[in-house]
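Trainee: Next up is a structure, given as structure tokens.
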Amino acid sequence: MNTEPTRPSNFIRDIIEADLAAGRHRTIRTRFPPEPNGYLHIGHAKSIWLNFGVAEDYRGACNLRFDDTNPHKENPEFVAAIQDDVRWLGYDWADRLYFASNYFEELYGFAVELIEKGLAFVCELDAEAMRAYRGTLTEPGRPSPYRERPVAENLDLFRRMRAGEFPDGSRVLRAKIDMAAPNMNMRDPVLYRIRHGVVHHQTGAEWCLYPMYDFTHPVSDALEGITHSLCTLEFEDHRPLYDWVVEHVSVPGRPRQIEFARLNLKYTVMSKRRLTELVEQGHVAGWDDPRMPTIAGLRRRGVPPAAIRDFCRRVGVTKADAMVEMGVLENCVREDLDATAPRAMAVLRPLKVVIDNYPADTTETLEAPRHPKDAAMGRRELTLAREIYIDREDFREEANKKFKRLVTGGEVRLRNAYVIRCEEAIKDPDSGEVVELRCSYDPATLGADPVGRKVRGVIHWVPAYQSLAAEVRLYDRLFTAPVPGAGRENKDFIADLNPESLVVLKGCRIEPSLATAAPGERFQFEREGYFCLDGDTGDAGIPVFNRTSTLRDSWSRTEAGG
RNA sequence: UGGGGUGUAGCCAAGAGGUCUAAGGCACCGGGUUUUGAUCCCGGCAUUCCCAGGUUCGAAUCCUGGCACCCCAGCCA
């Protein structure tokens, strides 16, 4: 992990360095605090990278803590998936796995402390009434009629709330702060609510009283000795409340909350609500659908964890709302995969080629490097035969000089093999479609340029009978709009789904050496892109490859531009 | 007409009174190498820092006043 390029400076690191220099802390402690109510996405990756990275750089530690105070939305599947994803990203929390629910008893004690100090009270206003009392953004709220209840009564009521004597929604515990505060979060915020009949994934049926985030988070941070509690910008308004809790309750630490801007990516969505909707309404195949911006989706797509870390580093950490282009991620993926992915040949849309002057009853074994710039990756064997497949896109009956591939009467280099000439294109008499090419090859061109002429194009190929059948799934951006739902009625992001985000190619042929590939292995199919072997199999058990990314393609631009 | 934030190139982002006629990355535009139209290499790409005043010998950096955008009225996190 330390072979990674230096993490650039940012305002959070500046704060940490200043704190260290001033002797406010001897060592740094951070935490990544997901709520287990969904899968992690690339926005979380930024937080994970920041929290674990900063801890690593300043020789501190980062805890993994599940913020599990709302049993209605949380479940063990998410708890497990989140751990898998953090680990896969390359981070290790050692024995520091925590749950906010582990602190329920302490939390309860601190709530009692607040009541005893006259800083919290049991309120019987229902949700609607409480909203009315809260006031608005421009008008102050009014105090709850229950605000001045005696301490002893509050204590008794709170104990009975825990004991299960009151139904859901009948009572809450509230902090007594300031109903006229311009910051809505300070208008006597709710600290505890009653939830009967839910089985919490960690604490079971032990509690019917659950603490709110604003109370739980600062206490949990303090209990764990967190020095810097990093969170996203929308919690900025909560910081005064965070500080209030830390100050008024006898916790052992003084954590400091620092907010940074969350990651936004064009052409995708990042909110848990929207991702959940995509999954539950079946717009994608699941949380790990390769089109999803989830960590699980990116993993299945073939994106290497190092590319995600690099992406986080490049994007930076600031307080300015940012909308990052997909191109940055794609570049990180290509950069990593160019260096690490073995090369192979795969023909996605096969067109049969018969090399007429090649002996019919033999094949030839050729060798090719697994990587053009990394000899250590070794070599692989290719089988050349009289009948091969090339991609339909690499042949045109006629074309102008810019088309560097095969045309009738023209020559092209078969990658890692000979130069061939197309003598004739055989067409289906009914449809006129080209169904086969009759070619000849020049035996003198293996590893050597032909004499007296130059061949500009190189195309990939596979042997017709020795190659393997495969299914290839081509992925494109999930949405057609840079900000899905923007400008639509009800922000209807579903309407911006890209109908061509997935194209399945079933008749593909891949080179024989791919027979031993294992699920999760990544390759560059030369001239096509980067692909990752999926765990699924296609028709008749054939392997399935997911396209992680195309190669950069200046040809399509040239051609489109005329 | 409340509070909290943010504004540097198409997209991110350094920068903290002079070394800024403003780093770096992505994108884009050339040119070179190449048995991947890939990679790689070389070059180009903000006289300008949301706007307007002001302070100063000197400002993206300080002051004042505007403007724009984001977040907040869950017994969600």
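Trainee: Convert each backbone phi in the stretch A:300-315 into a coupling constant with the Karplus relation 6.51 cos²θ - 1.76 cosθ + 1.60 (shift: θ = phi - 60°), then list the ³J(HN,Hα) values in order as whole Hz, x for Gly and Pro.
Mentor: Each residue's phi maps through the Karplus curve to give 5, 5, x, 6, x, x, 5, 5, 5, 5, 4, 4, 4, 5, 5, 6 Hz.
Trainee: Can you compute the equivalent ellipsoid semi-axes for the stretch A:161-306, i.e. the square root of 5 times each eigenvalue of the Cα gyration tensor, sorted largest first and rounded to whole Å?
Mentor: 33, 23, 16
Trainee: In what sequence, highest mean first, do A:111-122, A:29-40 appear when ranked by Cβ atoms within 10 angstrom?
Mentor: Put in order of decreasing packing, that is A:29-40, A:111-122.
Trainee: Near the amide H of A:Arg65, under 5 Å away, which other amide H atoms are found, from residues 5 or more places off or on another chain, if H is placed in the peptide plane?
Mentor: A:Phe32, A:Tyr98
Trainee: Next question, about the same structure. Let me check something: with ligands and nucleic acids excluded, how do A:Val190, A:Val503 order by accessible area (1.4 Å probe), largest to smallest?
Mentor: A:Val503, A:Val190
Trainee: Something else now. Would you mind telling me the share, in percent, of accessible area of chain A contributed by carbon and sulfur at probe 1.4 angstrom?
Mentor: C and S atoms contribute 48 percent here.
Trainee: Cα centroids of the stretch A:306-321 and the stretch A:414-450: how far apart, whole angstrom?
Mentor: 47 Å
Trainee: A further question on this structure: So, taking all protein chains as they sit and a 1.4 Å probe, how much accessible area belongs to A:Ser554, in Å² rounded to tens?
Mentor: 70 Å²
Trainee: Report ³J(HN,Hα) in whole Hz for each residue of the stretch A:238-245, in order, from the Karplus equation J = 6.51 cos²θ - 1.76 cosθ + 1.60 where θ = phi - 60°; Gly and Pro get x.
Mentor: Running phi through 6.51 cos²θ - 1.76 cosθ + 1.60 with θ = phi - 60° gives 8, 4, x, 6, 4, 5, 4, 5 Hz.
Trainee: Which cross-chain or sequence-distant (5 or more) residues have an amide H under 5 Å from the amide H of A:Leu209, H modelled 1.01 Å from N in plane?
Mentor: A:Arg195
Trainee: Also: Using alpha-carbon positions, what is the distance between the centroids of the stretch A:174-236 and the stretch A:341-378, in Å?
Mentor: One Cα centre to the other: 61 Å.
Trainee: To continue, here is another question. Suppose accessible area is computed on protein heavy atoms with a 1.4 Å probe; arrange A:Ile258, A:Ile15 from highest to lowest. Present the calculation step by step, with values, prior to reporting the outcome.
Mentor: Details: A:Ile258 10, A:Ile15 35 Å².
Putting A:Ile258, A:Ile15 in descending order of accessible area: A:Ile15, A:Ile258.
Trainee: Now, a different point. In square nanometres and to one decimal, what's the mean projected area of the convex hull around the Cα atoms of chain A? Write down the numbers at each step before the final one.
Mentor: Values: hull surface 131.3 nm².
Dividing the Cα hull surface by four gives the mean projection, 32.8 nm².
Trainee: Please report how far the C-alpha centroid of the stretch A:84-111 lies from that of the stretch A:485-513, rounded to the nearest whole angstrom.
Mentor: One Cα centre to the other: 37 Å.
Trainee: Could you state how much accessible area A:Asp449 has, in square angstrom rounded to the nearest 10, with a 1.4 Å probe and all protein chains kept in place?
Mentor: Rounded to the nearest 10, that gives 130 Å².
Trainee: Which value at 222 nm does chain A reach when only helices count, each DSSP H run of 4 or more adding -39,500 (n - 2.57), with the total divided by all residues and rounded to the nearest 500 deg cm²/dmol?
Mentor: Calculated mean residue ellipticity at 222 nm is -8000 deg cm²/dmol.
Trainee: Follow-up. Write down the accessible area per residue of chain A in Å², having rolled a 1.4 Å probe over the full set of protein chains.
Mentor: Roughly 45 Å² per residue, with all protein chains present.
The values are calculated or read from the model by the stated rules, or taken from the named source; none is laboratory data. Predicted, not measured: the structure shown is a model, and the values here were computed from it. Cβ: placed from backbone, ideal geometry, glycine included. Neighbour counts: every protein chain shown. Heads up: the accessible areas ignore ligands, DNA and RNA and are worked out on the full protein's heavy atoms, side chains in. Shrake-Rupley method; radii C 1.70, N 1.55, O 1.52, S 1.80 Å.
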